[in-house]
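Just below is one structure, and these are the notes that go with it.
The values are calculated or read from the model by the stated rules, or taken from the named source; none is laboratory data. Only a predicted model underlies this, so the values are computations on that prediction, with no experimental measurement involved. Glycine gets a Cβ as well: all are built from the backbone with ideal geometry, and neighbour counts include every protein chain shown. What goes into the accessible areas is simple: the full protein's heavy atoms, side chains included, and nothing from ligands, DNA or RNA. Shrake-Rupley method; radii C 1.70, N 1.55, O 1.52, S 1.80 Å.
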Amino acid sequence: MELSKKIGLICGPILFLILINLPFQLISEMGDAVIAVALWMLVWWISEAVSISVTALLPLLLFPLLKILPIADVGANYGSPIVFLFFGGFVMALALEKVNLHKRIALNIIRLTGTTPNKVVLGFMIATAALSMWISNTASTVVMLPIALSVINLLINDEDGFTKNDKNFALSVMLGIAFSANAGGIATVIGTPPNSVLIGLLENEYNIQISFLKWMALGLPFSVVMISITYLVLVKLMFPNRNLKFNASKEVIQVELQKLGPTSGKEKMVLGIFAVTVFLWIFRTLINQLFPSLGLSDTMISIFAAISLFALPYNLKKGDFIIHWKDTSKLAWGILILFGGGLALAKGMSVSGIVDIVATSIANSEISILFTASLLILLMLFMTELMSNVALVAVLAPVVAGIAIGLEIPILYLLIPVTMASSCAFMLPMATPPNAIVFASGYVKVPQMARAGVLLNLIAVVLLILVFQFVIPVLF
C-alpha cells in the first residue's frame, strides 16, 4: 500500500475524533459533527485510502450515531431519483457496449470526417465526445484507443520511420481523445457523474428541477466550443503536423468496420430504444403539456429504457434478450453509491445549518459577485486535477449554494459553472480516467499533457466565467 494511502487511512478517522472531541464549538454541536464527517470523507477521497464508494457509505453509519439524521432519512439519499436516472443511463450504455454499437458509431463518425491527418484527429475527437455524452468517459476512451493505436502504427512502420511530425500527430490524437472524453460528458445530464450530483442536490434540497433538454441547451454548445478550441490548440499551436500525409488510415477504419460485419438485429433494437429514450428526454416537457396526467420525469424515462433493454426479447423462443441481469456485473454500482453519499452529506450540511452560516457570512461581506464566481470556478477546476470530481462536487456544491444565497443570486447561476468546471481537468494523468488511459499508451509524457492542459484549463475558466456572466441568466 502506498505511503499516502496509509497516511490517509489513519488521518481520516483521527481528524474526525479530534473535531468531535474539541473542548469548544466551531459552529454548533451538530454542525461540528457534520464537518468532522465531511473531513473524514474528504481525506479518504483525496488519498483514495479505500474505494471512494466505500467512503460514501460513512454517512449511513455516522449520521445516525451522531444524531445528525435518522438512518431512514440518510438512506433515502441512496435511493434518490437521480441515482435511478443514472442507473438507467448505465444500463443503456451497457447495452450499447454489449452489441458493439458504440464502436460502429465511432468508426462511422471518423470515416465521415476525412483521412487527412488533422481531419483524422478531429474525427477521433468528435467520435469520443459523441460517445461520452451517453456512456462513461472511461468506456469511450477505451473504445477509441485501439483504433487510434492502429492508425499511429501505420506511421511508425512507414518508410521514413517515426518522425517529429508523426509524434506530434500521435500526441494530438491521444490528447484529443482524452480531452474530448472529458468535455463531451458535460453535454448531457447523464454524460458525467458531477452533473447528476448537482441535479440531485437541486431536487433534494431546493426543489429545483433541470430537464434533460434544458441542461443540453447549455452543456452541448459549451462542449462543442471547448472541443473546437482543444482541437485548434492541439493541431495548430502545440503539436502541429505540417506536411504529414498518409492515406492508409482510411483502410484501417474500413478494416475495423468490416470486422464488425453488417448491423445486427440486436444493434437495431438497441438503437431503436436509445432513439426513443433520447426523444422522450428531449420532448418530455412538451409531452407533459399535451398529456398532463402522465407526469413523465427524466428518471422515469431512464428506467423505461432499462426495463425495455431487459424485457424486450430479441428471440422469444430461445429466451434471448438484449441484456441479462448477469451483465450488470460490469455496471458502475460504486458510482451510484457515491451519488447517495454526496447527497447524504449535502443533507447533513443543510440540516446542521452550515449552508446558512456560509450564506450569512458571504451576505455580510462586500465581495464582488464576479470575483467570487471566477475564484470558485478556478478553484474547482484546478482542485479536480488532484481528486475525484464527483467527490469534490459532493463536498463543495452545498457550500457553493450557500455562497450563492449569501450573494443574493439564484443558486443555479453559481452551481452550474462550478460543477461544469469539475469536468475540465486537462492537465495531469491522474485527474481523470481518460487522461490516465492515454498516458498509459506511452505516446504522451506528463510535461506534454501539462503544457497543453494548463492552457486549456485557463481557457475553460474564461469560458465558464462568460457562461456565468452572460449565458446562464438568459437560460435559467
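List of remarks:
- Residues of segment 219-253 satisfying the condition of being open to solvent by 30 Å² or more (accessible area, probe 1.4 Å) and under 24 Å from ALA95 (Cα atoms): LEU220
- Counting only helices (runs of 4 or more DSSP H) wholly contained in segment 225-319, the ones carrying 1 or more residues that are closer than 17 Å to LEU96 by Cα and in contact (Cβ under 8 Å) with a residue 40 or more places away in the chain occupy 248-260, 265-282, 298-311.
- The number of residues in segment 354-378 being over 17 Å from LEU39 (Cβ atoms) and assigned to a helix (DSSP H, G or I) comes to 16.
- Residue in segment 375-387 that is more than 18 Å from the chain's Cα centre (by Cα), under 27 Å from MET144 (Cβ atoms) and surrounded by fewer than 17 Cβ atoms within 10 Å (Cβ to Cβ) present: no
- The residues in segment 409-437 that are within 15 Å of TYR206 (Cβ to Cβ) and open to solvent by 10 Å² or more (accessible area, probe 1.4 Å) can be counted, and the count is 5.
- Enumerated helices (runs of 4 or more DSSP H) restricted to segment 90-200, each holding at least 1 residues that are within 30 Å of VAL400 (Cβ to Cβ) and at pLDDT below 90: 137-156
- Checking every residue in segment 345-353 against the condition of being in a loop (DSSP other than H, G, I, E, B), under 23 Å from PHE63 (Cβ atoms), in contact (Cβ under 8 Å) with a residue 24 or more places away in the chain and over 18 Å from the mean Cα position of the chain (by Cα) gives at least one match.
- Hey, MET216 farther than 26 Å from LEU107 by Cβ, open to solvent by 20 Å² or more (accessible area, probe 1.4 Å) and of a type in the set (A, V, I, L, M) or not: no
- Here ILE152 passes the criteria (1) under 18 Å from TYR231 (Cβ atoms); (2) open to solvent by 50 Å² or more (accessible area, probe 1.4 Å); (3) β-branched (Val, Ile, Thr) except the one numbered (2).
- A count restricted to segment 261-296 and to residues that are touching a Ser or Thr at 6+ places or on another chain (Cβ under 9 Å), more than 29 Å from LEU107 (Cβ to Cβ) and open to solvent by 40 Å² or more (accessible area, probe 1.4 Å) stands at 1.
- Condition check for SER374: of a type in the set (Ser, Thr, Tyr) and touching a residue at least 60 places away in the same chain (Cβ under 8 Å): yes
- Search result, residues across segment 171-189 that are among the hydrophobic types (A, V, I, L, M, F, W, C) and within 13 Å of SER423 (Cα to Cα): ALA178, PHE179, ALA181, ALA183, ILE186, ALA187, VAL189
- Condition check for MET133 on (1) touching a Pro at 6+ places or on another chain (Cβ under 6 Å); (2) buried (at least 19 other Cβ atoms within 10 Å of the Cβ): one failure, at (1).
- For the residues THR128, THR115, the requirement of being over 24 Å from GLY265 (Cα atoms) and open to solvent by 30 Å² or more (accessible area, probe 1.4 Å) singles out THR115.
- Applying the condition of being of a type in the set (Ser, Thr, Tyr) and within 16 Å of GLY272 (Cα to Cα) to segment 303-329 and asking which residue is least open to solvent (accessible area, probe 1.4 Å) yields SER308.
- PRO23 meets the conditions (1) over 20 Å from MET383 (Cα atoms); (2) open to solvent by 60 Å² or more (accessible area, probe 1.4 Å); (3) at pLDDT below 95; (4) touching a Gly at 6+ places or on another chain (Cβ under 9 Å) in every case but one. The failed one is (4).
- A count restricted to segment 208-232 and to residues that are more than 19 Å from LEU475 (Cβ to Cβ) and of a type outside the set (Val, Ile, Thr) stands at 3.
- The set of residues in segment 389-408 that are within 17 Å of GLN469 (Cβ to Cβ), among the β-branched types (Val, Ile, Thr) and open to solvent by 10 Å² or more (accessible area, probe 1.4 Å) contains only ILE403.
- Those residues of segment 1-20 which are open to solvent by less than 90 Å² (accessible area, probe 1.4 Å) and of a type outside the set (Phe, Trp, Tyr), in sequence order: SER4, LYS5, ILE7, GLY8, LEU9, CYS11, GLY12, PRO13, ILE14, LEU15, LEU19, ILE20
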